[in-house]
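Note sheet for the following structure.
The values are calculated or read from the model by the stated rules, or taken from the named source; none is laboratory data. None of the values given here were measured: they were computed from a predicted structure. With ideal geometry, Cβ positions are generated from the backbone for all residues, glycine too; neighbour counts draw on all protein chains shown.
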């Protein structure tokens, strides 16, 4: 029996196994890597948002950046779903892609809408939510507008999202949005918001589907990686 050949075969198999394992770990890490509000789409079912492709970063070819701001505001004005707002703001942030001028314009429009609702004594939960969530998207992508927006416990935009929840605390989608922006922070409120989603939403609802998808993989990977 040629023990040298047997030893070589075992070594080759071991090396192949290690390479496969490393590749698998890298693939899994890549799947869940990146800031949650930017790198991981929100499932909005068949609802309308601004144009997009088939994957998380697949921008629609031929779609002009000049249309992003007006189209985004239009979607937000005509949808009462925080999930749609979250995904629309994620896409808008990626389209603007660190264009500080355009990013500031969109944020200013959302902040103005929020202030108008307060002036009319008609507090708008989604207006507060949108401004806070967009600020957090900008923070996660590294867009600097020279304004610190709604910072609470180290989380940009969170104070405004908490204001939205104070207006409508029984909205499971707002609670999911709050859970999304606090993933990287390590604060206890992240778990509290996730728990509220489960308490408020039906088991087969779209927001529960999103919570299960994100919490079982994406958020688990992100925990402990705060700034």
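A few points about this structure:
- Count - residues of region 183-205 that are closer than 17 Å to residue 156 by Cβ and either touching a strand residue (DSSP E or B) at 6+ places or on another chain (Cβ under 6 Å) or modelled with pLDDT under 95 (or both): 4
- Scope region 163-196; condition assigned to a helix (DSSP H, G or I), free of Cβ contacts under 8 Å to residues at least 60 places away in the same chain and closer than 13 Å to residue 82 by Cα; matching residues: 164, 165, 172, 175, 178, 179
- When restricted to residues that are part of a helix (DSSP H, G or I) and more than 19 Å from the chain's Cα centre (by Cα), region 54-70 contains 4.
- Restricting region 28-54 to residues that are surrounded by fewer than 10 Cβ atoms within 10 Å (Cβ to Cβ) and over 27 Å from residue 182 (Cβ atoms), the residue that is modelled with the highest pLDDT is 46.
- Among the residues listed as 23, 62, 17, the single one being at pLDDT below 95 and on the phi > 0 side of the Ramachandran plot: 62
- The set of residues in region 149-162 that are surrounded by 24 or more Cβ atoms within 10 Å (Cβ to Cβ) and either in a loop (DSSP other than H, G, I, E, B) or in contact (Cβ under 8 Å) with a residue 40 or more places away in the chain (or both) comprises 157, 160.
- In the set (1) in a helix (DSSP H, G or I); (2) at positive phi, the condition left unmet by residue 146 is number (1).
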